[in-house]
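J.: Below are the C-alpha cells for one structure; questions will follow.
The values are calculated or read from the model by the stated rules, or taken from the named source; none is laboratory data. Source: prediction; values computed, not measured. Note: ideal-geometry Cβ built from the backbone for every residue, glycine included; neighbour counts use all protein chains shown. Side chains are part of the model used for accessible areas, which takes the heavy atoms of the whole protein and leaves out ligands, DNA and RNA. Shrake-Rupley method; radii C 1.70, N 1.55, O 1.52, S 1.80 Å.
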Amino acid sequence: MLEMESFIKGLSDNVFTDTPKELLSSETVYMELEEWSSMTAFTMISYFSNEYGKKLLLPELLQAHTIEDLFKIVNK
C-alpha cells in the first residue's frame, strides 16, 4: 500500500515542482497553492495515470480538497 509520505514526495517531484516541499502535507488544500492552474490539473491527471495506473476524472479532482483526499482516491 502506498504511504502518504511517498505520495507527497511524488506530488512534489512531479506535479508541484515550484512549491516548497514543506508546504505540502496531507492537510494542504492543493487548489490554494500559488502553483495551481489548469495545466497543473492536467499534469496531475497524467501523473496519476502513469505512476499509479489510476484514471483520475475531472469531477474527482474537483471534489477532492486536500492532498489526503487525493491520496484516498489513488488508494481506492
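J.: Could you grab me the full set of residues in region 58-76 that are surrounded by 15 or more Cβ atoms within 10 Å (Cβ to Cβ) and either touching a Pro at 6+ places or on another chain (Cβ under 7 Å) or in a helix (DSSP H, G or I) (or both)?
T.: Residues satisfying the conditions are E60, L61, I67, E68, D69, L70, F71, I73, V74.
J.: Right, another one. Restricting region 36-57 to residues that are among the aliphatic types (A, V, I, L, M) and within 16 Å of V15 (Cα to Cα), which is most open to solvent (accessible area, probe 1.4 Å)?
T.: So in region 36-57, the residues among the aliphatic types (A, V, I, L, M) come out as 39, 41, 44-45, 56-57.
Checking which are within 16 Å of V15 (Cα to Cα) leaves us with 39, 41, 44-45, 56.
Details: M39: 126, A41: 13, M44: 0, I45: 51, L56: 6 Å².
The extreme case among them is M39.
J.: From the list F71, F16, F7, F42, which one is out of contact with any helix residue (DSSP H, G or I) (no Cβ under 8 Å at 6 or more places or on another chain) and of a type in the set (A, V, I, L, M, F, W, C)? Let's see the steps before the verdict.
T.: On the way: F71 fails: out of contact with any helix residue (DSSP H, G or I) (no Cβ under 8 Å at 6 or more places or on another chain); F16 fails: out of contact with any helix residue (DSSP H, G or I) (no Cβ under 8 Å at 6 or more places or on another chain); F7 fails: out of contact with any helix residue (DSSP H, G or I) (no Cβ under 8 Å at 6 or more places or on another chain).
Answer to the check: F42.
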